[in-house]
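Inspection log for the structure reproduced underneath, given as structure tokens.
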Amino acid sequence: MYQESNIVELKEVLIDDVKKEIVAFLNTNGGTIFVGVKDDGTIIPFLDQKEKDSMDCKIANWISDAFFPNTSHLIKHYFNNDNVLVIEVLVGEEKPYYLKEKGPKPSGVYKRVGSTIRMAND
């Protein structure tokens with residue numbers, strides 16, 4: 001059911017690198033990130049409510065604080081029936097989107113190329 005593509009990214013855990021994936025989807029064609037899924041599609045479900053609440057809070061903080069311009073209307077997150085975290089990212093209209101901590105330079109701006117992310121150039 002879960003397979004990586006140009007619009008799907010699989011992650012086992014919610015780490016800060018997921019922010020780069022979100023920026024890349026915002027700057028290209030949008031996409032979906034499934035957290036709790038290995039690269040081979042094996043599900044590692046999040047069953048502990050405390051862990052789920054923590055991840056929900058982390059993403060909400062990212063949406064409000066980590067990206068520029070405002071992305072609150074472009075990112076939706078929830079846990080699906082497999083207890084996998086789903087992060088849906090729409091393509092942004094105010095490109096380039098970037099990580100606030102890095103600024104609008106190549107180290108903060110990413111784009112999706114196939115099933116990989118790349119730093120944007122000047």
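The values are calculated or read from the model by the stated rules, or taken from the named source; none is laboratory data. Only a predicted model underlies this, so the values are computations on that prediction, with no experimental measurement involved. Backbone-built Cβ (ideal geometry, glycine too); neighbour counts: all protein chains shown. Ligands, DNA and RNA are excluded from the accessible area calculation, which covers all protein heavy atoms including side chains. Shrake-Rupley method; radii C 1.70, N 1.55, O 1.52, S 1.80 Å.
The figures follow:
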quantity	calculated
Most to least accessible of D17, D82 (protein chains only, probe 1.4 Å)	D17, D82
Within the accessible area of the chain (1.4 Å probe), percent carbon and sulfur	49
Average Cα contact separation per residue, the chain, under 8 Å, 6 or more apart, as relative contact order %	32
The chain - charge dipole about Cα centre, Lys and Arg +1 at Cβ, Asp and Glu -1, debye rounded to 20	380
The chain: most fluctuating residue of G31, G92, G41 per GNM, C-alpha cutoff 10 Å	G41
Residues with amide H under 5 Å from that of F67, placed H, sequence gap 5 or more	K100
Computed over segment 1-73, the ratio Rg/Rh where both radii use C-alpha atoms and Rh is Kirkwood	0.97
Debye intensity ratio in log₁₀ form over the Cα atoms of the chain, taken at each q of 0.10, 0.11, 0.18 Å⁻¹	-0.27, -0.33, -0.89
GluC sites (Glu not before Pro) within segment 1-103: DSSP coil, no more than 13 neighbouring Cβ in 10 Å	E12, E93, E94, E101
Mean accessible surface per residue for the chain, computed with a 1.4 Å probe while every protein chain stays in place, in Å²	55
Distance (nanometres) between label positions extended 7 Å along Cα→Cβ at E12 and D56	2.6
Sequence of D48, D40 when ordered by accessible area, the most exposed leading, probe 1.4 angstrom	D40, D48
